Amino acid sequence: MGYEWDFSVVFGNFDLLLLGLVNTLKVTGLALFFGIPLGLVLALMRLYGNKALRWPAGFIIEFLRSTPPIAQLFWFFFALPILLGVEIDPFSASVLTFSLQSSAFFAEVFRGGIQSIDNGQWEAAKAIGMTRNATLQRIILPQAVKRMIPAFLERAIELMKTTTLVSTISYSDLLYQANTIAQSSYRTLEVYTTAAAMYFVVILACSLLVGRLEHRLGRSGEITRG
Amino acid sequence: METNQNTEVLCLEGLKKSFGDLLVLDNIDLRVTKGETIVILGASGSGKSTMLRCVNFMEVPSGGRIILHGEQVGKENQNGSRTYDEKSLSDLRSRVGMVFQHFNLFPHMTVKQNVMEGPRTVLKCDQAECERRAKLYLDKVGLGWKADAWPSELSGGQQQRVAIARALAMEPDIMLFDEATSALDPELVGEVLETMKQLAEEGMTMLIVTHELGFAYTVADRVLFLSKGKILEQGAPEAVLINPKEEATKNFLRGHGSFRLPEPNLD
Ligand SMILES: Nc1ncnc2c1ncn2[C@@H]1O[C@H](COP(=O)(O)OP(=O)(O)O)[C@@H](O)[C@H]1O
Ligand SMILES: [Mg+2]
């Protein structure tokens, strides 16, 4: 009893799926755009801040890492509007949630990257009179970021997969669009297979791109001995 | 008075440093005149590195005074204690060059960029001046031809010479060398010592921690022997290396059996 594949529904609604993919990329992209700098700030606060900065930064990071993303999403979409007295649309709630959520993970990536740089680099910079900020900017971060690329990529992929949660608050991402089409057409198998393939293609393309970038950077300067 | 201040580059007065309960430097007094090359010897753990690191405040001394060109480091508070803000320490370090055992070149920068980094970010020199210094000091250590190489493409000896050029590019008043050849393969030690010797001959003021006694003998104007955080013995190389007075110095020299004097007529 072979299943009769029929992709006509998929072809007929491909524009809707594409729109969903674009929305997925929009949320992911914006979450990266805000989450990475915010993560850097949190990491620097945690590493070099005084107590008044270190402690809150540590708390925020741990809190965001230790609560389920869907609970955070619901909080920003359903609970925060009660506090503020204004509606928050699904898109804004999604971007807000995933920017903050990913910033916590990026903070830990930054922290690990910065701490992996040999102390001799700090000493050498100090010895020629460089200040701590200048050393971070010009010596430590450029090396750390290079080492962090694989971890960044992994987090970004994880983030894109986690954004599928936004379909639960009716934001029309790829998964939401797939749900809608599948439910109205009963072509569940074809629709979800296509959606999965679209996620796969995008994520694979990102991986390949980052891999090439890493290779290019890898050629300029290696780790010095000692 | 004027001449005295002009010729005295560095003065340590009653320098003390402890880590917790451990007293590592105990009342070090030292006057270094312009152009002098001082070699510091001593067993491992005697405080040699700590002494150098106090001079440029990589370690903040626990007591005593450090005077560079007649000026005491840091700002004096009303109660007589001193604070060391980032600006004045940066200022001090830009005038004191330091070369480490592990060369610590910046691996993400080319050789030339390594040398230009200090002049650019600390001294705020313009591009032309940075380029001039990079060329001048890389040529001085014999590596002008490697200006565009990455540190990872150089031998250990070449990397250390770039590190020396990077320190020289700040045009410091004094250079500190902390076991600059200890991490090198034996066949690469000579080129670095040769560079240091050349600097000494050109009149650079230098404090050198090394275990190369032959080098100390030929290059030093003065040799200090450090033991348990004190200067136990000091004097001309002949005095300290050939006719040491203290038992600890004799023991130390015996432990460096491979030391051969350059002049065969002595001993
Ligand atoms: N940052 C530090 N914290 C604690 N102890 C230190 C530190 N640096 C050096 N020491 C101690 O100070 C003593 C002198 O060290 P060091 O100056 O490195 O000696 P040397 O260079 O002559 O071998 C050693 O006992 C060492 O363990
Ligand atoms: Mg040492």
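The values are calculated or read from the model by the stated rules, or taken from the named source; none is laboratory data. From a predicted model like this one, the values you see are computed outputs, not experimental measurements. Neighbour counts run over all protein chains shown; Cβ positions are idealised from the backbone, glycine included. Surface areas here come from the heavy atoms of the whole protein model, side chains and all, with no ligands, DNA or RNA. Shrake-Rupley method; radii C 1.70, N 1.55, O 1.52, S 1.80 Å.
General remarks:
- With θ taken as phi - 60° and the Karplus curve 6.51 cos²θ - 1.76 cosθ + 1.60 applied, the whole-hertz 3J(HN,Hα) list for segment A:69-74 is x, 5, 5, 5, 4, 4 Hz, x standing for glycine and proline.
- The figure for B:Thr205 is an accessible area of roughly 0 square angstrom, using a 1.4 Å probe on the protein chains alone.
- Across the alpha-carbon set of segment B:69-204, the Rg to Rh ratio works out to 1.02, Rh being the Kirkwood radius.
- 1.4 Å probe, heavy atoms, protein only - residues of segment B:78-93 losing at least 40 Å² accessible area vs chain alone: B:Glu86, B:Arg93
- Karplus (6.51, -1.76, 1.60) ³J(HN,Hα), θ = phi - 60°, over segment B:172-187, in Hz, Gly and Pro reported as x: x, 7, 8, 10, 10, 10, 9, 6, 4, 10, 5, 8, 8, 4, x, 6
- Amide H to amide H distances under 5 Å link B:Arg222 with B:Thr37, B:Val39, where only residues 5 or more positions off or on other chains count and H is placed in the peptide plane.
- Segment A:133-226: GluC sites (Glu not before Pro) falling in loop per DSSP and having at most 13 other Cβ within 10 Å: A:Glu222
- Using the alpha-carbon positions of segment A:8-218, Rg (one decimal) and Dmax (whole number) come out as 20.3, 70 Å.
- Euclidean distance of C-alpha centroids, segment A:55-125 and segment B:79-157, integer Å: 38
- Cα gyration tensor shape for chain B, rounded if a/c is under 1.5, else prolate or oblate: oblate
- Bridgeable aspartates and glutamates around B:Lys250 (alpha carbons under 12 Å apart, same-chain partners fewer than 8 residues away excluded): B:Glu233.
- Per-residue ellipticity at 222 nm, computed for chain B from helices alone with -39500 (n - 2.57) per DSSP H run of at least four residues, works out to -10500 deg cm²/dmol.
- For the listed residue pairs B:Lys16/B:Lys228; A:Lys126/B:Lys140; A:Lys26/A:Lys161; A:Lys126/B:Lys230, the alpha carbons are over 19 angstrom apart in A:Lys126/B:Lys140; A:Lys126/B:Lys230.
- Square roots of five times the Cα gyration tensor eigenvalues for segment A:128-226, Å: 43, 16, 7
- Computed from Cα atoms, the angle from the helix A:174-185 axis to the main principal axis of chain A rounds to 10 degrees.
- Filter on B:Lys75/B:Lys124; B:Lys87/B:Lys135; A:Lys51/B:Lys17; B:Lys112/B:Lys146 - keep pairs with C-alpha separation over 18 Å: B:Lys75/B:Lys124; B:Lys87/B:Lys135; A:Lys51/B:Lys17
- With eigenvalues of the C-alpha gyration tensor scaled by 5 and rooted, the protein assembly as shown, Å: 61, 26, 19
- Our coupling estimate for segment B:107-124, obtained by passing each phi through the Karplus curve with A = 6.51, B = -1.76, C = 1.60 and θ = phi - 60°, is x, 8, 10, 5, 3, 5, 5, 4, 6, 7, 4, x, x, 6, 7, 9, 8, 6 Hz, Gly and Pro reported as x.
- Residues with amide H under 5 Å from that of B:Thr33, placed H, sequence gap 5 or more: B:Val9
- Distance between the pseudo-spin-label points of B:Gln198 and A:Thr67 (7 Å out from Cα toward the beta carbon): 6.4 nm.
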